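*Asks:* Before we start, here is the structure in question, set down as structure tokens.
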Amino acid sequence: MEPPHAKINNRIRLLAGVDEVGRGPLAGPVVTAAVILDDDNPITGLADSKKLTESKRETLAEEIKRKSIAWALGRAEVAEIDELNILQATLLAMQRAVTALSIQPEYVLVDGNRSPVFACPSEAVVGGDGSVAAISAASIIAKVARDHEMVSLSERFPGYGLERHKGYPTKAHLSALQALGVSEIHRRSFAPVRKLL
């Protein structure tokens, strides 16, 4: 997998890939990651995190953290999602991930059709999580981090099934919301939650 423009790959050594996980759920934060891969330390098997098994994601996440030049997570909390809207909260979380990198990139490629403003040039790449290695890497570590967090939140907020659906609006989650009511980690600005308030 290569960045969409070969010239970027030839000229720019510190290329960061950025992706998010958790735009669709009714509960929990949106989590982002930024990764600068090391061309001299390649990682095989990188792909869109949604297309990998949980165990494969876990294994790759450890390898990405070990072999990359730099990686960092960013996030936006439920209160920020409700205040800003999910798109703006996601863009903010992406900025936080890039800012948190121990080495700042020269160029950023972001999965999707919108890129926030960074301190360096950036570009949005539709389908980037399946075509750009650094974005795939970011999608994997963001997904693993958010999934772990939702499992631990399920212990604090039992009964919703967060450990299974990770906050997404499944039938089981909607039924649990009806039965248990809205918790502090539910996104009040999202229609299925708002209806119950």
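*Asks:* Based solely on C-alpha atoms, express the radius of gyration and the Dmax of region 6-155 in angstrom.
*Replies:* 14.3, 48
*Asks:* Same structure again: Dividing the Cα radius of gyration by the Kirkwood radius, what Rg/Rh value follows for region 98-157? If you can, show how the numbers build up before the last one.
*Replies:* Details: Rg = 14.1 Å, Rh = 13.1 Å.
When Rh is taken as the Kirkwood radius, the ratio is 1.08.
*Asks:* How much space per residue, in cubic angstrom, does the convex hull of the C-alpha atoms of region 72-129 take up?
*Replies:* Values: hull volume 4.7 nm³, N = 58.
Taking the convex hull of the Cα positions in region 72-129, it is 82 Å³ per residue.
*Asks:* Now, a different point. Where the centre of each part is set by its Cα atoms, how far does region 14-47 sit from region 123-137, in angstrom?
*Replies:* 9
*Asks:* Can you say what percent of the DSSP beta bridges in region 6-155, counting only those with both residues inside, are antiparallel? Round to 5. Write down the numbers at each step before the final one.
*Replies:* Values: 13 of 21 bridges.
Once the DSSP bridges in region 6-155 are tallied, antiparallel ones form about 60 percent.
*Asks:* Once you've got the Cα coordinates, tell me which of 51/195; 143/171; 166/195 are over 24 Å apart. Before the final figure, lay out the partial values.
*Replies:* Values: 51/195 33 Å; 143/171 22 Å; 166/195 20 Å.
Flagged as over cut-off: 51/195.
Read the figures in this text as sums done on the coordinates, not as results from a lab. Not measured: the values here are computed from a predicted model.
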